[in-house]
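Please treat every number below as a calculation from the coordinates, not as lab data. As the structure is a computational prediction, the values presented were derived from the model and not from experiment. Quick reminder, even Gly has a Cβ in these numbers, built from the backbone with ideal geometry, and neighbours come from all protein chains shown.
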Amino acid sequence: MELKEMETRIKELENQVVKLKDLEDINRLQKSYGYYMEHWMYEDIIDLFSDSPDTVLNLMAGIFLGKEGVRKYFGGMTEMTQSPEFLHQIMQLSGIVDIADNGKSAKGRWYGFGPVALPIGKGVYQFFADGTYIADYIKEDGVWKILKLMWNPLYTAPPEKGWVKPERIATIEKGTLRTLGNIQADKPRDIDPQYPSGYIVPFHYRHPVTGKPSTEVKRNAAWKKK
């Protein structure tokens, strides 16, 4: 292999490595959005978005423009979303991401599916949500951020209706699933993260944009005091 041909090949491999790193960063960015949404960690969510004036958050509630629009939406529902009964576990699934040739922008498509529980008045409104996210990403100062995010809901379904025929629905007592098959654990768990504990499973990684630890430690400590 001639020197010029070898240099060309090395350059191609370097570009592939950069692209793979970019794909991993974008996947981590979008998946982090889903994890932060579960307990409406609005400070962490807002930091995922671009500082560009072209930033757009497009939801059924309307279109929110710029970083301040994102802040207005996610930071504007703290009374409901800071309740331990709140849950918004929309999983980010089957992501497909394509990076532009210039390596500075990208587009993505993700399924979103999961349970939602909204404390309203003296009760909690619950449903399953399913839909598709369409996202534009931008690389700012070497860091990937969300530039535009659109949520396209397909359906919402109250869990009491479910998908099993009424005559086939079985019931079990609380805690039975832990002992199915007469399996005995070596020791009990010290933390029960089940709804409505409000407990947030700690993140092993720092915020993908700010590099700071995420805020679950603060939230978990607050729940323990109650």
| Overall Cα dimensions of the range 56-131 - principal axes, largest extent first, Å | 52, 29, 19
| Any idea what angle helix 216-225 forms with the longest principal axis of the chain, computed on alpha-carbon atoms, 0 to 90 degrees, nearest 10? | 20
| field | Spatially proximal lysines relative to Lys31 (Cα-Cα < 25 Å; intrachain offsets below 8 disregarded) | value | Lys19, Lys21, Lys67, Lys72, Lys104, Lys107, Lys139, Lys145, Lys148, Lys212, Lys218
| query | In nm², what is the average projected area of the convex hull enclosing the Cα atoms of the chain? | reply | 19.0
| query | Of Gln92, Gly114, Leu65, whose Cα points farthest to the positive end of the dipole of the chain (charges on the beta-carbon: +1 Lys, Arg; -1 Asp, Glu; origin at the Cα centre)? | reply | Gly114
| note | Applying the gyration tensor rule to the Cα atoms of the range 38-165 (axes a ≥ b ≥ c; rounded if a/c under 1.5, else prolate if a/b exceeds b/c, else oblate), the class is oblate
| Cα-based Rg of the range 28-72 normalised by 2.2 N^0.38 Å, two decimals | 1.10
| field | Beta bridges by DSSP in the chain, antiparallel share as percent, to the nearest 5 | value | 90
| query | Give me the log10 of I(q) over I(0) for the range 1-58 at q = 0.15 Å⁻¹, as the Debye formula computes it from C-alpha points; what are the numbers? | reply | -0.62
